[in-house]
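Derivation of every value follows stated rules applied to the coordinates shown; laboratory data play no part. Please read these numbers as outputs of a predicted model, since none were measured by experiment. Neighbour counts run over all protein chains shown; Cβ positions are idealised from the backbone, glycine included.
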Amino acid sequence: MVNPIPESVKKTWDNWNIRGVILFSLLLQTVLILLAPLRKGMGYKLIILLIWSAYLLADSAATFAIGLIAERATNSQTPTKSNELLVLWAPFLLLHLGGPDTITAFALEDNELWLRQLFGLIFQAGFTFYVFLLSLPGNKLFVPTILVFIAGIIKCFERTLAMYLASGEKFRESTIIELAKDVKVNQGGDYLQVACEYFQIFRGIVVDLFSNFTDFPFEGPSFGIFGPEDALRIIEVELNLVYEVLHTKIQVTHSVTLWFICFGSLVAALSVFYFQVEKHGLNDFDLGVTYTLFLGGIALDIIAFFMGNFSEWTFAAFRNHPNSCIVRIIRRFLNFKNSRWQSSHTGGKHDVFVFATPFLLRRWSGSVSGLSAIKAHQSKRIIKFLQIDKIIACFGLADFANEIRIKTSLSQEPLTKELWVFIFNEIKRKSKNGDEIRRKAESGQDPEINDPEENVGLETLRDEAKFCFQGKISPATRAKLNSSVNSMPLDQAKRMVDRLQSLDYLKDKKWEIVSKVWVELMSYAACHSRSTRTHVEQVSNGGELFTFVWVLMAHFGLLEPKSED
């Protein structure tokens, strides 16, 4: 039988497999540390796919390389300088298994696997140490190997500890401990300081201890004193802190002690290798790989240091010392991340201001998702015309095809300043009205209607909203709608417009009323269509306006209490 793999290919693989896999592992670490922070500020599917692929491959590549080195060291009959270099490379792979500081978990579920991660890292560390023992007693690279091994152990410890602290049970426990302390929001502070203080309360909402900021007793001003732009910045910082706690090593690395030990070990190992190790007889390419590993590891550590220490989390740790030099430097840097608006000509009577923060500095994507029902309906007609729908139905893929069609009909538009200000003012108004109604109800008075005409219009359209959301549809009609999901929004929109047009005395206010009802529907959907966990998960994928509306309503005390079901 002919061998399907030529001998030349086998020989090339045997000679270069370890070098290739190690350099590939270093490349994956570079991709993760540089791109992982961008996913919360961009939301591009291609970037998220690249990060996800690198995240999954990183551990596998490092583990595979350790196995190859162990096999080579075990099969080697006599120690050589090349084998000593392989032994030095092994602890670098522990560094890679520890992962970059900018991502420990791609999804929240990954944090729950911290115990499995711990056992895996212990096993790999033991395997690496076994490879090191095989090189004794004649290993001339003993000192740099030990120093890199120490750095690798620290990195693995940081990753496991960060995952443990971010796991559901431990995060909830630490939140309860934090909330047991006196929480105070400083009215005189800037938005960064206020956001960091609000974050302590927001953690309780994230773990479902309570639903609203108003449910927790704290000393500080009402959220209503802030304007729309400050409110947006505060919510941005709150969600960004949630992301850093649940997806990065920030809870562990904000203390620089371990970083200095790890960084110092790498620098000392490089110094010993460069100045004291005899290079005669070593392969030039292998020397290049070794220096690449050293310099790459040091460079990634420096990048991680600046990313971690010039962050909202570090500012929160030093917020009680607002006049210190460190806080002033960090505040100046973080101010570059502020939401920025840029004038954009849309063809109307006036320009609009759209979200235009540079993508490298964004805390979220700043985009608003929309569904083009017409585009979705057109794609359905094409499928029907080509009779593909019969094939899809034959394989039982109708629901899946509908889901794909809707996703391909989604559009992303930048958030406009006018839209955010309108949403903020409407939700703030709802909060004030709710407080007034509760106050009068408690005193036995009947709530008054300030604007009867507007109320009639809102009630008319709210009836349609309830029809949409509460599911008052017969089973037969629901089955028909499920098979043609795109007709439902169009029919409801037409019915709402017809109702509004029939009220002659409201025609002058129709767009104002439609806008208010749109906010009503959005706030209802933000509260009821997603769980708290889903909102938190969305932060790592670029964030959505829905999530910001949800947090805004929590600040104003408009979220419904969690049911025991």
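Starting from the Cα gyration tensor of the stretch 14-338, take the square roots of the eigenvalues, sort them a ≥ b ≥ c, and report rounded, prolate or oblate (rounded when a/c is under 1.5, otherwise prolate if a/b is larger than b/c, else oblate).
It comes out prolate by the Cα gyration axes.
Quick check for you: which residues of the stretch 216-255 have the amide N under 15 Å from the point 7 Å beyond the Cα of residue 318 toward its beta carbon?
Residues passing the 15 Å test: 254-255.
Just grab the label-to-label distance for residue 169 and residue 229, each label 7 Å out from Cα along the Cβ direction, in nm (one decimal).
For the pair residue 169/residue 229, the computed spacing is 4.7 nm.
Relative contact order for the stretch 14-338 using alpha-carbon pairs under 8 Å, separation at least 6, rounded to a whole percent?
So the answer I get is 22 percent.
Using only the Cα atoms of the stretch 252-359, build the gyration tensor, take square roots of its eigenvalues as a ≥ b ≥ c, and label the shape rounded, prolate or oblate: rounded if a/c is under 1.5, else prolate if a/b is larger than b/c, else oblate.
oblate
Given points 7 Å out from each Cα along the Cα-Cβ axis, report the residue 13 to residue 284 separation in nanometres with one decimal.
For residue 13 paired with residue 284, the spin-label model returns 2.9 nm.
Please give the length that would be gained between residue 331 and residue 30 if that part of the chain were fully extended, namely 0.36 nm times their separation in residues minus their C-alpha to C-alpha distance (nm, one decimal). Before the final figure, lay out each step's value.
Numbers: separation 301, 0.36 × 301 = 108.36 nm, distance 2.71 nm.
Result: 105.7 nm gained on full extension.
Estimate the FRET efficiency between residue 74 and residue 498 by the formula 1/(1 + (r/R0)^6), using the beta-carbon distance for r and 60 Å for R0, to the nearest 0.05. Before the final figure, lay out each step's value.
On the way: r = 80 Å, r/R0 = 1.33.
According to the calculation, E is roughly 0.15.
Classify the stretch 20-115: rounded, prolate or oblate, from the alpha-carbon gyration tensor (a ≥ b ≥ c, eigenvalue square roots; a/c under 1.5 rounded; otherwise prolate if a/b is larger than b/c)?
Judged from the Cα gyration tensor, the stretch 20-115 comes out prolate (a/c at least 1.5, a/b above b/c).
Could you compute the FRET efficiency for residue 53 and residue 107, with r as their C-beta to C-beta distance and R0 at 22 Å, rounded to 0.05?
So, using R0 = 22 Å, E works out to roughly 0.95.
Ranked from highest to lowest mean number of other Cβ atoms within 10 Å per residue, what is the order of the peptides 524-535, 191-202?
Values: 524-535: 15.7, 191-202: 22.7.
So the order, starting with the most tightly packed, is 191-202, 524-535.
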